[in-house]
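J.: My questions all concern the structure below.
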Amino acid sequence: MRKQLVVAVTALMLTGCAARTAYKAPVSVPLQQAKNWKSTLADTVTAEAASDEQLSHWWSTLGDDTLTQLEERALAGNIDLRVAAARVRQAKAQREASRGALYPQGNVSGSASGNRASNRDGDGQTSQSYSADLTVSWEPDLFGRIGGTVDAYTADVQASEEDLRDVMVSLTAEVATNYVDLRSYQAQLAVTRQNLSAQQETAELTEILYQSGLTSRLDVEQARTNVESTKATIPTLEASMNQAANRIAVLLGERPGALDEALREAKPVPAAPNSVAVGVPADLLRRRPDIRSAERQVAAQSARVGVATANLKPTFALAGTLSLRADNIQNLFTPASLAANAVGSVAQTVFNRKALREQVNVQDAVLEQAVATYEATVLTAVEEVENALTKLEREQVRRQSLQEAARAADQYLVLAQQMYNSGLQNFLTVLDAQRSKLTLENQLAQSQASITNNLVQLYKALGGGWS
């Protein structure tokens, strides 16, 4: 009988495993068939496969030690990462709790009682009773209802782990973007102050010429207007620089202003490396955490469809009880006090089967939504990479033109001042040349920052920032 019982239980367990539907991962046919990116690649970008090591710490390719230190501190102290890590622990706890239903459940109870009956003479009889019970029950998972629930929670754990990685990807990109912006504002402030100094010298010279009767009051006021207009841009740049520093501090899990001293010294905008490998579109399926998370959510929902289907099937239960009964505590654990029983049961839902079938339909619809979300996530990922590639390539072309324009503006200002001093041009030509020089130099500083930020967005779109 023992051998037959072992065989029967094993068969029930194997039947439950076989009843669970095999999961088929969603397939993104357009992405798998794409061999190259649609966008024109910049001169510094290649279609070679990007190494996981380089992508996981892509900020090191920018060659800025301060940025590298900030990224490491952000990964260690960011609050959003702590929240995401707690969600992973929560998902794991839910999975472990669901696994308990796969195994027999047991309860132990004990009791003791006594009573005394009195008569008119004051005498009475005293009686005592003691008992201990061990109850064990088990539901064989014949149709995969319990196992499917565990599978769903396991996929939830994996999805939450990918969500944690996705937070890391966004975090590292945001730290770098704000750092690049901060350095860009410092560069623009340096350019603005340098041009302001030149404009102030021009204004002082114009005042001297006016006092000597060699120019008009109009030229003086125009020079002053130019100076004050340039001055007015400085507070805005300073405020933007402080905002970027505050944002970086918060991303590191520190109070705003904590990094002011460390970032006070102006440094150049980190330059893009000479070569950036982006691989092929199909690599995104392996690298992007949001795509991996979306696929795991499909897996979790697929398992829940199986659970809803299993709810239509009958459930089986095995239960047994060992009881000890005695009139005194000394005899409680003797063979004579032992009693045992065992029972098996089967239950089948009859009257609410329509509701259970509709639950299957509900879960099927949710699964369809999860698959559609996965497909949308894949398309969004490709779109982000294509946009980043285009913006990087176009901004490099724009920077080249701005460099030529800035050099021309320098010559324009020199010639304008010479011709004004010779009386061949009016003072408006000098002012226009000064404004053009300031504008183009600021645009050039912004363009350099835009190239680096576009590279940051490209690394983010490729799924870089986690290992």
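J.: Compute the acute angle (0 to 90°) between the alpha-carbon long axis of helix 79-99 and the principal axis of greatest extent of the alpha-carbon atoms of the chain; round to the nearest 10°.
T.: It works out to around 20 degrees.
J.: Nearest 20 debye, what's the magnitude of the dipole of the range 348-450 about its Cα centre given +1 on Lys and Arg Cβ and -1 on Asp and Glu Cβ? Working shown, then result.
T.: Values: 10 positive and 13 negative charges, 39 e Å.
So the magnitude is around 180 debye.
J.: Moving on. Using R₀ = 45 Å, calculate the FRET efficiency as 1/(1 + (r/R₀)^6) where r is the Cβ-Cβ separation of Leu338 and Gln90; round to 0.05. Don't jump to the answer; show the numbers that get you there.
T.: Working: r = 44 Å, r/R0 = 0.98.
Using R0 = 45 Å, I get an efficiency of 0.55.
J.: For Ser212 and Ile79 in the same chain, what is the full-extension length gain: residue separation times 0.36 nm, less their Cα-Cα distance, in nm? Walk me through the numbers on the way to the answer.
T.: Numbers: separation 133, 0.36 × 133 = 47.88 nm, distance 6.53 nm.
Full extension of this stretch gives 41.3 nm more.
J.: Related question: Work out how far the C-alpha atoms of the chain reach from end to end along every principal axis, then list the three figures in whole Å, largest first.
T.: 137, 68, 40
J.: Now a separate question. Round to the nearest 10 and give me the degree value, 0 to 90, for the angle of helix 427-461's Cα axis relative to the longest principal axis of the chain.
T.: Here the helix axis deviates by roughly 20 degrees.
J.: Pick out, from Gly148, Pro104, Ala159, the residue whose Cα sits farthest towards the positive end of the charge dipole of the range 102-189, with +1 on the Cβ of Lys and Arg and -1 on the Cβ of Asp and Glu.
T.: Result: Pro104, furthest along the dipole toward the positive end.
J.: For the range 344-375 and the range 247-279, what is the separation of their C-alpha centers, rounded to whole Å?
T.: 50
J.: Still on this structure, I have one more. Relative to the Cα centre, what is the charge dipole magnitude of the range 185-224, using +1 at the beta carbon of each Lys and Arg, -1 at the beta carbon of each Asp and Glu, and rounding to the nearest 20 debye?
T.: Details: 3 positive and 5 negative charges, 25 e Å.
Dipole magnitude for the range 185-224 comes out near 120 debye.
J.: Sticking with this one: For labels at Ser422 and Ala258 in the simple 7 Å Cα→Cβ model, what's the distance in nm?
T.: 6.1
J.: Same structure again: Sort Asp133, Asp64 so that the residue with the fewest other Cβ atoms within 10 Å of its own Cβ comes first and the one with the most comes last.
T.: Details: Asp133 15, Asp64 22.
Fewest to most other Cβ atoms nearby, the residues stand as Asp133, Asp64.
J.: Please give every one of the aspartates and glutamates within straight-line cross-link reach of Lys267, meaning a C-alpha to C-alpha distance under 13 Å, and leave out same-chain neighbours fewer than 8 residues apart.
T.: Here the aspartates and glutamates satisfying the reach criterion relative to Lys267 are Asp64, Asp65, Asp181.
J.: If you average the C-alpha positions of the range 303-323 and of the range 38-117 separately, how far apart do those two centres end up, in angstrom?
T.: Taking the Cα centre of the range 38-117 as reference, the centre of the range 303-323 is 32 Å away.
J.: Let me ask something additional. Let me know the longest stretch in the chain that avoids all trypsin sites (Lys or Arg not before Pro) found in a DSSP loop with at most 12 other C-beta atoms within 10 Å.
T.: On the way: sites that count: Lys24, Lys35, Lys38, Arg120, Arg264.
It runs 265-467.
J.: Moving on. Give me the mean projected area, in nm² to one decimal, of the convex hull enclosing the Cα positions of the range 145-250. Intermediate results must be reported in sequence, preceding the final value.
T.: Details: hull surface 37.1 nm².
So the Cα hull casts an average projection of 9.3 nm².
J.: What length, rounded to one decimal in nm, is gained on full extension from Val366 through to Glu201, with 0.36 nm per residue of separation minus their alpha-carbon distance? Intermediate values should be presented prior to the final figure.
T.: Details: separation 165, 0.36 × 165 = 59.40 nm, distance 7.05 nm.
Result for the pair: 52.3 nm of gain on full extension.
J.: Which residue, chosen from Tyr412, Ala388, Leu438, occupies the Cα position most advanced towards the positive end of the dipole of the chain, where the dipole is computed from +1 (Lys, Arg) and -1 (Asp, Glu) charges on Cβ about the Cα centre?
T.: The residue sitting most towards the positive pole is Ala388.
J.: With runs of 4+ DSSP H residues as the only contributors, calculate the mean residue ellipticity of the chain at 222 nm using -39,500 (n - 2.57) per run, divided by the residue total and rounded to the nearest 500.
T.: So the calculated ellipticity at 222 nm is -22500 deg cm²/dmol.
J.: For Phe351 paired with Ala232, estimate the spin-label separation in nm (one decimal), with each label point 7 Å from Cα along the Cα-to-Cβ line.
T.: 8.0
J.: Check the straight Cα-Cα distances from Lys35 and name the lysines below 30 Å, setting aside those fewer than 8 residues away within the same chain.
T.: Partners found: Lys24, Lys391, Lys460.
J.: Please report the net charge: other residues with Cβ closer than 11 Å to the Cβ of Ile248, K and R +1, D and E -1.
T.: Working: positive: Arg73, Arg247; negative: Glu71, Glu174, Asp181, Glu254, Asp260.
Net charge in that neighbourhood comes out at -3.
J.: Quick check: the angle from helix 289-310's long axis to the longest principal axis of the chain, C-alpha only, nearest 10 degrees?
T.: 20
J.: Continuing with the same structure: With +1 assigned to the C-beta of every Lys and Arg and -1 to the C-beta of every Asp and Glu, and no other charges, what is the dipole magnitude of the chain about the Cα centre in debye, to the nearest 20? Walk me through the intermediate numbers first.
T.: Working: 45 positive and 51 negative charges, 403 e Å.
My answer is approximately 1940 debye.
J.: Set Lys and Arg Cβ to +1 and Asp and Glu Cβ to -1, take the dipole of the chain about its Cα centre, and tell me which of Thr44, Ser216, Ala365 lies farthest positive.
T.: Projecting each Cα onto the dipole axis, the largest value belongs to Ala365.
J.: With an 8 Å Cα cut-off and a minimum separation of 6 or more residues, compute the relative contact order for the chain in percent.
T.: Working: 678 pairs, mean separation 126.6, N = 467.
In percent, rounded to a whole number, it is 27.
J.: Can you give the extra length, in nm with one decimal, that the chain gains between Asn115 and Thr44 once fully stretched, where that is 0.36 nm per residue apart less the Cα-Cα distance? Don't skip to the end; give the middle numbers.
T.: Numbers: separation 71, 0.36 × 71 = 25.56 nm, distance 9.32 nm.
Gain on extension, Asn115 to Thr44, equals 16.2 nm.
J.: Then there is this: Taking N as the number of residues in the range 331-467, what is its Cα Rg relative to 2.2 N^0.38 Å?
T.: Details: Rg = 37.3 Å, N = 137, 2.2 N^0.38 = 14.3 Å.
Expressed relative to 2.2 N^0.38 Å, the Cα Rg reads 2.62.
J.: Can you work out the Karplus-derived ³J(HN,Hα) for every residue in the range 132-147? Use 6.51 cos²θ - 1.76 cosθ + 1.60 with θ = phi - 60°, whole Hz, and x for glycine or proline.
T.: Values per residue, Gly and Pro as x: 9, 10, 10, 10, 10, 9, 8, 10, x, 8, 5, 10, x, 5, 6, x Hz.
J.: GluC sites (Glu not before Pro), restricted to the range 40-73: which are DSSP loop and have at most 13 other Cβ atoms within 10 Å? If you can, show how the numbers build up before the last one.
T.: Numbers: sites: Glu48, Glu53, Glu71, Glu72; in loops: Glu48.
Taking the range 40-73 and a limit of 13 other Cβ atoms within 10 Å, the loop GluC sites (Glu not before Pro) found are Glu48.
Since every read-out is calculated from the coordinates, none of them should be taken as a lab result. On a predicted model such as this, the values are computed, not experimentally measured, just so you know. Please note: Cβ atoms are built from the backbone with ideal geometry, for glycine as well, and neighbour counts cover all protein chains shown.
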